[in-house]
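Every number here is computed from the coordinates shown, using simple stated rules; none is lab data. Nothing here was measured: the structure is a model prediction, and the numbers come from that model. Backbone-built Cβ (ideal geometry, glycine too); neighbour counts: all protein chains shown.
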Amino acid sequence: MKVDGISYRSIWPAEDGAAAEIIDQTRLPHDFVTARLETLEDAAHAIRAMLVRGAPLIGATAAYGLWLAMSRDPSDENLERAAETLLATRPTAVNLRWAVEDVRRHVAARPEGERAGAAFRRAGEICDDDAEMNESIGRHGLEVFRQAWKAKGARGTLNVLTHCNAGWLATVDWGTALAPIYMAHDAGIPVFVWVDETRPRNQGAGLTAWELGRHGVPHKVIVDNAGGLLMARGEVDLCVTGTDRTTATGDVCNKIGTYLKALAAKDTGVPFYVALPGPTIDWSLADGAAIPIEERDSREVSHVPGRTDAGEDTSVRITPPDSPVANFGFDVTPARLVTALITERGVCPASREGLAALYPEHAASAAE
Ligand code: MRU
């Protein structure tokens, strides 16, 4: 996608061949700054501290992390150590495990002298595949949006609510939930987006709003609890979110607060779609309750960072210093609350049968 007329992906190999470059998402929306990942530790830190985030981008960064590890020491021991280091960074997004296992498989079968090159090429393929899958999600989602727009009598605006950031910043390019929004906007459907701020890290307020603004998509940022009111008033035509891990039965794990939006959508009859690429499906799980839910630093809840009108970056405490805080990163929306899944292979019911029909190669081995 473009920033000030220049095409960017969220991660790319540096021209000097010695690093992967990323957009430092902790600096958005105030500053657009890129950073170099030169070592395995840089890649692990970028994932842990959320310079990069979003399930597909976490996977892509881990793939480059293995390349960086292999270029310094291509031994079996280092491959194992690097994989373990990366797998320990964040627990919920299954794309991390998928990418680490994929690159490890590609690399382990080769002599040490070929490992760095093989990892680099595979990381590039993972990035290209992700961009391609998301573009395809966008095309399938566009048809869903066209139908919704037609059902509305093609009047006013098509009002979409989204949670967190499942845009191009969360993937390598296009995004998952935002891909159909960009395509519908480009196709002339007057899309309007309600953007949940997404406390505590404000990925909606800081990243989704920034992305939509750069692309010229009309939107408004709302507090996380406004969705129910808007849906009850008929001001949301459909919801669309991404996911960090979806089970073989269609239970959807996504940023904390997604479940409450799905409940409100069910009660008010608003369709609730989830957009995802194949590597986000965890075929080894049949029940969303088994997905590990990340708990992060309490400071993300007790303090709010921001920039003052005078241009100074600051962070202010909003809780009593003696009040303990809990910071759950994700929740699980049961398949029964999801209208349909929008994948790179098409749109399907959020169910074992729906997913198995689109991904028959996984059906036999999927968890019971
Ligand atoms: O904690 P984050 O910012 O990594 O969480 C991201 C999300 O929950 C996204 O909605 C999800 O990864 C889908 S990204 C296409």
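Computed over neighbours whose Cβ is under 15 Å from that of A151, the net charge equals +2, Lys and Arg +1, Asp and Glu -1.
Can you give me the orientation-averaged projected area of the convex hull built on the Cα atoms of the range 221-367, in nm²? Numbers along the way, then the final one.
Numbers: hull surface 44.7 nm².
Its average projected convex-hull area is 11.2 nm².
Could you work out the equivalent-ellipsoid semi-axes for the range 122-269, taking the square root of 5 times each eigenvalue of the Cα gyration tensor, largest first, in whole Å? All intermediate terms of the calculation are to be shown ahead of the outcome.
Working: eigenvalues 101, 69, 47 Å².
In descending order, the three semi-axes are 22, 19, 15 Å.
Along the axis of the charge dipole computed for the range 2-129 (Cβ charges of +1 for Lys and Arg, -1 for Asp and Glu, origin at the Cα centre), the listed residues A60, P29, L40 are led at the positive end by P29. Label zone of S365 (point 7 Å out along Cα→Cβ, amide N under 16 Å): in the range 92-126 this covers 95, 97-106. If R0 is 22 Å, the Cβ-Cβ spacing of D24 and V304 corresponds to a FRET efficiency of close to 0.70.
When the Gaussian network model of the chain links Cα atoms closer than 10 Å, the mean-square fluctuations of A151, A226, A14 top out at A151.
Sequence-distant contacts, meaning Cα pairs under 8 Å at least 6 residues apart, place the relative contact order of the range 25-142 at 27 percent.
Roughly speaking, what is the stretch gain from R336 to R296, that is 0.36 nm per residue apart minus the C-alpha to C-alpha distance, in nm to one decimal?
Values: separation 40, 0.36 × 40 = 14.40 nm, distance 2.83 nm.
Using 0.36 nm per residue and subtracting the Cα-Cα distance, I get 11.6 nm.
Angle of helix 76-87 to the longest C-alpha principal axis of the chain, folded into 0 to 90 degrees and rounded to 10: 20°. Using C-alpha pairs under 8 Å with a sequence gap of at least 6, the mean separation divided by the residue count of the range 27-86 gives a relative contact order of 32 percent.
Once you reduce the range 110-148 and the range 2-25 to the center of their Cα atoms, the two points are 16 Å from each other.
Using 0.36 nm per residue and subtracting the Cα-Cα separation, the extra length available between E125 and E143 on full extension is 3.7 nm. Scalar couplings 3J(HN,Hα) for the range 13-19, obtained by applying the Karplus form with A = 6.51, B = -1.76, C = 1.60 to θ = phi - 60°, are x, 5, 4, 7, x, 10, 7 Hz; x denotes Gly and Pro. Note on the chain: GNM, Cα springs under 10 Å; of T268, T314, T241, the largest mean-square fluctuation is that of T314.
What FRET efficiency, computed as 1/(1 + (r/R0)^6) with R0 = 41 Å and r the Cβ-Cβ distance, is obtained for R110 and T157, rounded to the nearest 0.05? After rounding, the FRET efficiency stands at 0.15.
At 10 °C and 1.306 mPa s, grab the translational diffusion coefficient of the range 128-209 from Stokes-Einstein with a Kirkwood Rh over Cα pairs, rounded to a whole number in µm² per second.
Numbers: Rh = 12.9 Å.
Stokes-Einstein gives a translational diffusion coefficient of 123 µm²/s.
What does DSSP give for the chain in terms of the percent of beta bridges that are antiparallel, rounded to the nearest 5? Spell out each step's value before the answer.
Working: 24 of 43 bridges.
So the antiparallel bridges amount to about 55 percent of the total.
Calculated on the alpha-carbon coordinates, the convex hull of the range 2-129 measures out at 95 cubic angstrom per residue.
Taking every C-alpha pair closer than 8 Å and separated by at least 6 residues, the mean separation divided by the residue count of the chain gives a relative contact order of 15 percent. Adding -39500 (n - 2.57) for every DSSP H run of four residues or longer, then dividing by how many residues the chain holds, sets the calculated 222 nm ellipticity at -12000 deg cm²/dmol.
Sorting C164, C348 from the fewest to the most surrounding beta carbons within 10 angstrom yields C348, C164.
Computed from Cα atoms alone, the Kirkwood hydrodynamic radius reported for the range 241-326 is 15.9 Å. In vacuo Debye scattering of the chain, one point per C-alpha: log10 I(q)/I(0) at q = 0.06, 0.10, 0.11 Å⁻¹? Result of the Debye calculation: -0.21, -0.60, -0.73. The angle between the Cα long axis of helix 258-268 and the longest principal axis of the Cα atoms of the chain comes to about 20 degrees, rounded to the nearest 10. Here the range 141-166 is scanned for amide nitrogen atoms under 18 Å from the site 7 Å beyond the Cα of L263 along Cα-to-Cβ, giving 163-164.
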